[in-house]
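Report on the structure given below.
The values are calculated or read from the model by the stated rules, or taken from the named source; none is laboratory data. The model shown is predicted, which means the values in this text are computed figures rather than measured ones. All Cβ positions, even for glycine, are placed from backbone atoms using ideal geometry, and neighbour counts span all protein chains on display.
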Amino acid sequence: MVVGRPLEESELVERARAGDAGAYAALVRGHEEIAFRTAYLITGNAADAEDAAQEGFVKAHRALPRFRAGEPLRPWLLTIVANEARNRRRSAGRRAALVLRAAGEERPTGEAAPSPEAALLAGERRAALLGAIARLREDDRLVIGCRYLLELSEAETAAALGIRPGTVKSRLSRSLERLRAELGDDDA
Amino acid sequence: MRDLHDELTALSVEWPATPDVAGAVAARLAAGEAVARPRRRAWRPALAYALAALAAGFALVMAASPDARSAVLEWLGLKSVKIERREPTAPPPRPGKLGAGLGLGTPATVDEARRRFPFLRLPAADGLGRPDAVYVGRLGVALVYGERPGYARSATTGAAVLVQELPARVDPFIQKTIGAASRLERLRVDADPAFFITGAHGFAYEGEGGVRFEDQRLAGNTLLVERADGLLIRVEGDLTRDRAVAIARSIP
């Protein structure tokens, strides 16, 4: 169960639009992490991601009058921040290598705790998985990153990547095929 | 081999630490833009708080109705940004019992609380002593400790440590949904799964000029322990992880 926040958020949006700086700061605080991580996924660089997130939220503040009340705020913010991130990535020129490390533990799945050996193997497998994701081409990496690593919804993924919501699913399945192939090469 | 989808779903990434974007944005907006000044309100600040991010995502699994779940969240202070207006004026050193005004329930003695909730066990951590106030809520018990050597009081609540005990579980998906601006660390207290939450939970209040937001925390750090006996222990205060763990462990 996820406790809804729409009502409260819409109240903050309303206040922010009326010029309440504190309300806007509260909104930014609530979304800065997902915005920063999305930008990091795109730029592959923490400093650029921070810039992109900051610039994105400043622009979003200006654009608030155009935000349609009642719509979810997060995809709208992600669209703006991801755009900033893409601009930075383009101007950086070279392809930044995305560095991601697996956290020490898996997300809980409700299964029994693994043995130390199994945990070690699982750790290697996680590292291989992230390595393979990092070697994918950008489109594949981003759609997998948005859906699985950032756990964005299809709609949010579409917003972040600037693609139509209808294409997220098919793109994801093609990207997973290529990830499978990439992992297969690893095993050989 | 596990299905790739399942593996990816279970994969958890160490992201770089999230910088203080909100602070930087607020500073830029304040410097660069004349923000329309909101009209003054007739009534004065009222304390209100936001356990914003934190709250958004807590999932409690109980063999209970959605209403009961929602009540649990409320009692735990885990509701989403909640703006609570209180009547008038004046900075709030609260009159009356320590912890009054935190919405913890009805004041009670330890014995009364135990009659209502026989699971109640008092922590025996060094220097903690007896609780200064006990509250009985609909679903569990809250123990409030004032300032004492080694335990600093919170400027916002006046309390140093708050221990809550209730029969509940925190869903494993806590980590998926915990949301922005706070950090979640998974650990074990003895064999029981536990979560330590730090970072800006956020603190919003209705001030003269509208909603304000500060990084100051109402809750301080929070430790949640899901005990095998079915109790959910919540320890909150300006505590290090080790300190919070010591308190939770000292509950027999």
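The condition (being in a loop (DSSP other than H, G, I, E, B), of a type in the set (A, V, I, L, M) and modelled with pLDDT of 60 or more) is satisfied by just one residue among A:VAL143, A:VAL99: A:VAL99.
Considering each residue of region A:151-170, count those that are out of contact with any Asp or Glu (no Cβ under 7 Å at 6 or more places or on another chain) and surrounded by 19 or more Cβ atoms within 10 Å (Cβ to Cβ), and give that number. Working first, answer last.
Here is the first cut: in region A:151-170, the residues out of contact with any Asp or Glu (no Cβ under 7 Å at 6 or more places or on another chain) are A:151-164, A:166-167, A:170.
In the following step, the residues that additionally are surrounded by 19 or more Cβ atoms within 10 Å (Cβ to Cβ) were identified as A:152, A:156-161.
Number of matching residues: 7.
Residue-wise test of (1) modelled with pLDDT under 90; (2) within 7 Å of chain B (Cβ to nearest Cβ).
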position: A:GLU8; (1), (2): yes, yes
position: A:GLY22; (1), (2): yes, yes
position: A:ARG37; (1), (2): no, yes
position: A:TYR40; (1), (2): no, yes
position: A:ALA47; (1), (2): yes, no
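One residue stands out in region B:135-144 among those that are closer than 15 Å to B:VAL235 by Cα and in contact (Cβ under 8 Å) with a residue 40 or more places away in the chain: the one that is surrounded by the most Cβ atoms within 10 Å (Cβ to Cβ), namely B:ALA142. Working only within region A:146-157, note down all residues that are closer than 13 Å to A:LEU78 by Cβ, in a helix (DSSP H, G or I) and free of Cβ contacts under 8 Å to residues at least 24 places away in the same chain. Result: A:GLU154, A:THR157.
Condition first: within 16 Å of the chain's Cα centre (by Cα) and at positive phi. Now tell me which residues in region A:8-59 satisfy that. Within region A:8-59, A:GLY44 is the sole residue that qualifies.
For region B:20-34, name all the residues that are more than 7 Å from chain A (Cβ to nearest Cβ) and either over 14 Å from A:GLU33 (Cβ atoms) or modelled with pLDDT under 80 (or both). Spell out the reasoning first.
Kept after step one, since they are more than 7 Å from chain A (Cβ to nearest Cβ), are these residues of region B:20-34: B:20, B:23, B:27, B:31-34.
B:ALA27, B:ALA31, B:GLY32, B:GLU33, B:ALA34, listed by residue number.
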